[in-house]
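Chemist: I have a structure I would like to understand better, so I am pasting it below and will then ask my questions one at a time.
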Amino acid sequence: MSYHQNLLLDQERLAGFHEAIKNIKGIVFDIGAGSGILTSCAAPYADFIYSVEKDPRIASKTVLFLKKYHNVSFIERNALEIDFPVKADYILCEMLDTALIDEEQVPVLNGLLKYLKDDGKVIPHGLINCVEPVFTRSEHICYDENENPQHQTLGPYEAYSRYQFGKYIDPHANFKFKLNINKEGWFTGIRITSFTLITPDILCGPTPMMNSPLIIPTERLKVKKGDTIGVDLSYQMGGGLNTIKTRVHGI
Ligand SMILES: C[S@@+](CC[C@H](N)C(=O)[O-])C[C@H]1O[C@@H](n2cnc3c(N)ncnc32)[C@H](O)[C@@H]1O
């Protein structure tokens, strides 16, 4: 099954977006339209939609799927290279991934802010990132997608960053955490979980096709209940998983 077919079967992801899109109106951009599913949800409510997808293999199918909507202009192009003739009341942009590291949500939305009306809105509205200390056998950064967890949790998870789309976001991310340990064992990594605010009122946790938690191995440290670990974490949002750097220090 293709990546886009799997996206369409992810009912939890789509239910949240359906709910949010029911309230849109005016001029809408769907950036990174993929299969066109969000454009098709928005078509009954919007005056006009610019639906943009840069991948020609995907776009060749999407253009056929969206042909039936008279208020949709489908554009096969990198959205950052388009001179849009109008500003948007709503920008739909679902290029999400955990902590916004591997997909281009942040650089693309930063580049399109000039096309969002002053009272315009972005769907999804934002993202909240949480981190927890773990034991993992994995030696590589990986998504925790299996039903069998690839980690053992060593302490509570805490929110470490929150973003609102529709405002400029600095893609260079630098954090210093203090993680509390409540179990004896080997600390060997951190696990990041992202929650999507589809609107300010609709919160969506990881779903099968959106934001699987990310496991990042670090240096190893023997820990016991009551310890606190310091972790420095940096990455480039939209830069890919190989931009992730960590440093661990006992406290
Ligand atoms: C996660 S898929 C989402 C598909 C669709 N929005 C959905 O919710 O089902 C992200 C899509 O964004 C497209 N994309 C990424 N960067 C883009 C850009 N700069 N301009 C246009 N499309 C882009 C990718 O090719 C991919 O198809």
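Chemist: Could I get the Rg over Rh figure for segment 64-116? Both from C-alpha atoms, Rh via Kirkwood, rounded to two places.
Modeler: Numbers: Rg = 12.8 Å, Rh = 12.9 Å.
My calculation puts Rg/Rh at 1.00.
Chemist: Rank ILE37, ALA88, SER234 by how far each Cα sits towards the positive end of the charge dipole of the chain (+1 on Lys, Arg Cβ; -1 on Asp, Glu Cβ) and give me just the farthest.
Modeler: In the chain, that residue is SER234.
Chemist: Next question. Can you check what the net charge comes to around ASP10, using other residues whose Cβ is under 14 Å from the Cβ of ASP10 (Lys, Arg +1; Asp, Glu -1)?
Modeler: Values: positive: ARG13; negative: GLU12, GLU94, ASP97, GLU145.
Charge balance near ASP10 sits at -3.
Chemist: Okay, next question. How big is the dipole moment of the chain about its Cα centre under a simple scheme where the beta carbon of each Lys and Arg is +1, that of each Asp and Glu is -1, and everything else is neutral? Debye, nearest 20, please.
Modeler: The calculation lands at about 340 debye.
Chemist: Could you do me a favour and compute the accessible area per residue for the chain, 1.4 Å probe, result in Å²? Don't jump to the answer; show the numbers that get you there.
Modeler: Working: 12440 Å² over 251 residues.
Computed with neighbouring chains in place, this is 50 Å² per residue.
Chemist: Here is a further query. Show me, for segment 49-65, the HN-Hα J-couplings you get by feeding each phi into the Karplus relation (A = 6.51, B = -1.76, C = 1.60, θ = phi - 60°), rounded to Hz, glycine and proline as x.
Modeler: Result, rounded to whole Hz: 10, 9, 10, 10, 9, 8, 7, x, 5, 6, 4, 5, 8, 5, 4, 6, 4.
Chemist: Rounded, prolate or oblate: which fits segment 83-143 when a ≥ b ≥ c are the square roots of the eigenvalues of the alpha-carbon gyration tensor, with rounded for a/c under 1.5 and prolate only if a/b beats b/c?
Modeler: Judged from the Cα gyration tensor, segment 83-143 comes out prolate (a/c at least 1.5, a/b above b/c).
Chemist: Would you mind giving the average projected area, over all directions, of the Cα convex hull of the chain in nm² with one decimal?
Modeler: Numbers: hull surface 54.9 nm².
Mean orientational projected area (the chain, Cα hull): 13.7 nm².
Chemist: Quick one: check the C-alpha center-to-center distance for segment 1-22 versus segment 212-251, whole angstrom.
Modeler: What the calculation gives is 31 Å, centre to centre.
Chemist: List the GluC sites (Glu not before Pro) within segment 130-184 that DSSP assigns to loop and that have no more than 10 neighbouring Cβ atoms inside 10 Å.
Modeler: In loop regions of segment 130-184 (DSSP not H, G, I, E or B), the sparsely surrounded GluC sites (Glu not before Pro) are GLU139, GLU147.
Chemist: Continuing with this model, one more query. Which one of VAL52, MET210, PHE177 has its Cα pushed farthest toward the positive end of the charge dipole of the chain, where Lys and Arg give +1 and Asp and Glu give -1 at the Cβ?
Modeler: Among VAL52, MET210, PHE177, the one farthest towards the positive end of the dipole of the chain is PHE177.
Chemist: As an exercise, find the ratio Rg/Rh for segment 3-94 from alpha-carbon atoms, using the Kirkwood inverse-distance average for Rh.
Modeler: With Rh from the inverse mean 1/r over Cα pairs, Rg/Rh is 0.93.
Chemist: In the chain, what percent of the accessible surface is made up of carbon and sulfur (1.4 Å probe, ligands and nucleic acids excluded)?
Modeler: 51 percent
The values are calculated or read from the model by the stated rules, or taken from the named source; none is laboratory data. What you are looking at is a predicted structure, and each value in this text was computed from that prediction instead of being measured. Neighbour counts run over all protein chains shown; Cβ positions are idealised from the backbone, glycine included. Note: areas computed on protein heavy atoms with side chains; ligands, DNA, RNA excluded. Shrake-Rupley method; radii C 1.70, N 1.55, O 1.52, S 1.80 Å.
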